[in-house]
Structures are given as structure tokens and as C-alpha cells.
Amino acid sequence: LWDGGGFTSHIVNQDGNAFITRFVMTDPFRSGSQPATECHFRSTATPCTFTASSNLPGGGGYTYTWTVSYLYGTTEKTSTITGPGSSYTITDACGAPDANATGAHSDLNVTLTVTDSLGNTQTVKSGEGMQPALRVVKFTC
């Protein structure tokens, strides 16, 4: 604002906590309930679970949209789900076309968008910000 050769500034201080949304992945066959950065497909039905937490101001009425993708051989597998559940599990099998005895690695791309009851949203992705990069490891059966 120009005011006779000077200027006026306004500083707004906001108290409160930062809004944080994040998720962790667990591979129950390998790490139990401990966070993991790799999901090992070693059996015919290997699950890996993603669990979200958020402190958006709209309270606990959250909607979670999960999108997960990875290569299984040369096929990109992608799944998306939206709903009130803060956890999402993928399940796949050993024996991918590119699997081997020591494990073939592929990036595991996870995107989570959380929307609260007031319409506020936050999106986090694996390998960005505070979220670690994730991968699947495919073994022969």
C-alpha cells in the first residue's frame, strides 16, 4: 500500500499445529506391524497394508483415496479406492514374469488424498516430502 512515500505492512501470526497427513506400509509376513519400505511377493497371496493418519481440521469424518501402482513383469498394476477406511491392503503373488530367486525390484507408487468433513484436502505420495520411497520385490514361487 503506497501512503505518501512510505508503506504499510500487515503481519498475521497464526497459532496452532501444522496439518499433517502421512501413511506407513507394513509387510505382515516380514515386518509384522513395523513400518517397511519393501513389499515382498514370496507366496501365492502376499498382502501389504498402508495405514494413514491425518489431523485435518474437519475432525474424524475423513475420506481416503488411495492409488497404488507397480510393475508386475511388463504389466502395470494399478488400483484405486475411495472410502472412509484409513487402511488399504494390496495382495499379489510370487512368480511375476520378471521375478527371480533373489527378488526383482520395482517402484511402488502410492498416492493418498485425505479429505475432511469441511472439504479440506491433503495429498501425499511415496518418495516425496517425508514419505519414503517404496518398492515391491518379486520372487519366484
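The values are calculated or read from the model by the stated rules, or taken from the named source; none is laboratory data. Predicted model only: the values in this text are computed from it and were never measured. Every residue, glycine among them, receives a Cβ derived from its backbone with ideal geometry; neighbour counts consider all protein chains shown.
As a summary of the residue check, GLN131 satisfies the conditions (1) assigned to a strand (DSSP E or B); (2) within 11 Å of the chain's Cα centre (by Cα); (3) buried (at least 17 other Cβ atoms within 10 Å of the Cβ) except for the one numbered (1). For region 79-103, residues that are within 13 Å of the chain's Cα centre (by Cα) and part of a loop (DSSP other than H, G, I, E, B) total 1. I'd like to check something: does region 33-49 contain any residue that is over 28 Å from CYS141 (Cβ atoms) and either at pLDDT below 85 or not polar (S, T, N, Q) (or both)? Checked region 33-49: no residue is over 28 Å from CYS141 (Cβ atoms) and either at pLDDT below 85 or not polar (S, T, N, Q) (or both). Which one is surrounded by the fewest Cβ atoms within 10 Å (Cβ to Cβ), of the residues in region 50-78 that are of a type in the set (Ser, Thr, Tyr) and part of a loop (DSSP other than H, G, I, E, B)? Within region 50-78, the match that is surrounded by the fewest Cβ atoms within 10 Å (Cβ to Cβ) is THR74.
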